[in-house]
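Report on the following structure.
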Amino acid sequence: MPINILERIHLNPRLDTTLAQQFKQQLSWFIASGQLKPREFLPSVRQAASQLGINFNTVRNAYQKLEADGLVETRQGSGTRVLPSDLQRVAQLAGELPSHTAGVIVPSLTNPFYHAFLQGVEMVANQARTMLFMCVTHDDPGDARRYYAQLAAKNVDGILLASQDDRPFLSPIPISGERGSALLPLVSADWPASAGYAVSIDLENAGYLATRHLVEHGHRKVGLITHALEFANVEPVNRGYQRALQEAGIDHAPDWIAAVHGFDVTAGSEGARMLLARQQPPTAIFAITDLLAIGAMRTIQQAGWQVPQDLAVAGFNDIPLAALVSPPLTTVSAPAYQMGLEAMKMLQSLIAGKLPSQRQILLPTALVIRQSCGHHTVSNPC
């Protein structure tokens, strides 16, 4: 097998299909597309396992399935090679031959927001018969650059970049492989400072709606749980929080802000502990993600306080869990699924050589009122 074919294999242990199934299907696609030609040898089991970082038995299992389908043959002492095949039959065995390939770079596969986002991406990709390569950065810009280069080296047709600054990728980069130097079709998602093609959410309005709702309940000491790093998709939410307070004539107090390192339940718990330890704790908290808000509610309740009677809480994203916690969380909806849908549609247009009807799309947000803010007015707001 030519080394560039093996480099284009991308296995994702988080998918429902096994690594052996993924490996077998991608090899089938390469055979169906003619990138693996009849009588061409596959790498040895040891070579493939070593280069892909998987178990020998995983490679052997994939080869055995290919042999059972009549796509390859294995001879003792010679190795495994591709058999002459009817390409239409090979395509049927491969599922359906993909028209294109695309890389998707996301911060997380477990965060419910990105799960919904990826569902939208996959809906469009499946309809367009586009094969997706998933890469997870864990919010590390260095990982994003590394994955971009790796995907480019695999000769993907385009890249969807979520929650990362796209400016470093908007000029041609040297690529080892067939492209030489190229500017890949790139669409940014969930990054309001994007300089290229992008789909994002009205983040400032989200922060504004949640904070204004708390103010309308009579709260004048509204705390904020936010991220300690100044991400471009965090700052607008913070600005919305500040704008709502300013419009209500409330002086913004630094003591009301808890900056944490994360967007999850654990970070939310830490943020709540920080705010409860203040000399004058807030009477309400807005957390910039639902997971942060849920973590905050857990800590507040463990401390013997009641939500919303003692302390109101609001979040942002409207993940499914928000409606299931006790009390159900008031939040601002973020159309993650629609963002994935629109971003992938935009990327498909660029891959096809067509200019999208819009260069940048801004999706609206909406307040979702549940029980975590209550219906009371604070009797002594000062």
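The values are calculated or read from the model by the stated rules, or taken from the named source; none is laboratory data. This is a predicted model, so every value here is computed, not measured. Methodologically, a virtual Cβ is constructed for each residue, glycine included, from the backbone with ideal geometry; neighbour enumeration extends over all protein chains shown.
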Can you tell me which residues in the range 310-321 are surrounded by fewer than 24 Cβ atoms within 10 Å (Cβ to Cβ) and either touching a strand residue (DSSP E or B) at 6+ places or on another chain (Cβ under 7 Å) or in a helix (DSSP H, G or I) (or both)? Pro320, Leu321
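Looking only at the range 202-228, filter to residues that are part of a helix (DSSP H, G or I) and of a type outside the set (A, V, I, L, M, F, W, C); which one of those is farthest from the chain's Cα centre (by Cα)?
Pass one, the range 202-228, residues part of a helix (DSSP H, G or I): 203-216.
So of that shortlist, the ones also of a type outside the set (A, V, I, L, M, F, W, C) come out as 204-205, 207-208, 211-213, 216.
On the way: Glu204: 20, Asn205: 21, Gly207: 21, Tyr208: 24, Thr211: 26, Arg212: 28, His213: 28, Glu216: 33 Å.
Result: Glu216.
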Pull up the range 112-149, narrow it to residues that are polar (S, T, N, Q) and surrounded by 20 or more Cβ atoms within 10 Å (Cβ to Cβ), then point me to the one that is nearest to Thr289 (Cα to Cα). Thr137
Counting only residues that are modelled with pLDDT under 85 and among the hydroxyl-bearing types (Ser, Thr, Tyr), the range 1-54 contains a total of 3
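Restricting to strands (runs of 3 or more DSSP E) lying wholly in the range 137-201: which have 3 or more residues that are outside the structural domain of Leu229 (by TED's automatic domain parsing), modelled with pLDDT under 85 and over 13 Å from Val106 (Cβ atoms)?
Numbers: elements: 158-162, 173-175, 180-182, 186-189, 197-201.
Here the list reads 173-175, 180-182.
Looking only at residues in the range 329-348 that are part of a loop (DSSP other than H, G, I, E, B) and among the aliphatic types (A, V, I, L, M), which one is nearest to the chain's Cα centre (by Cα)?
Applying the first criterion (part of a loop (DSSP other than H, G, I, E, B)) to the range 329-348 yields 329, 334-335.
Filter once more, keeping what is among the aliphatic types (A, V, I, L, M): 329, 334.
On the way: Leu329: 23, Ala334: 13 Å.
The extreme case among them is Ala334.
Quick check on Ala284: is it over 27 Å from the mean Cα position of the chain (by Cα) and crowded, with 24+ Cβ neighbours inside 10 Å?
On the way: over 27 Å from the mean Cα position of the chain (by Cα): yes; crowded, with 24+ Cβ neighbours inside 10 Å: yes.
For Ala284, the condition - over 27 Å from the mean Cα position of the chain (by Cα) and crowded, with 24+ Cβ neighbours inside 10 Å - is met.
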If you check every pair at least six apart or on different chains, which have Cβ atoms under 8 Å apart with a residue in the range 42-55 that is in the same structural domain as Val82 (by TED's automatic domain parsing) first and a residue that is among the basic types (Lys, Arg) second? Leu42/Arg81; Val45/Arg60
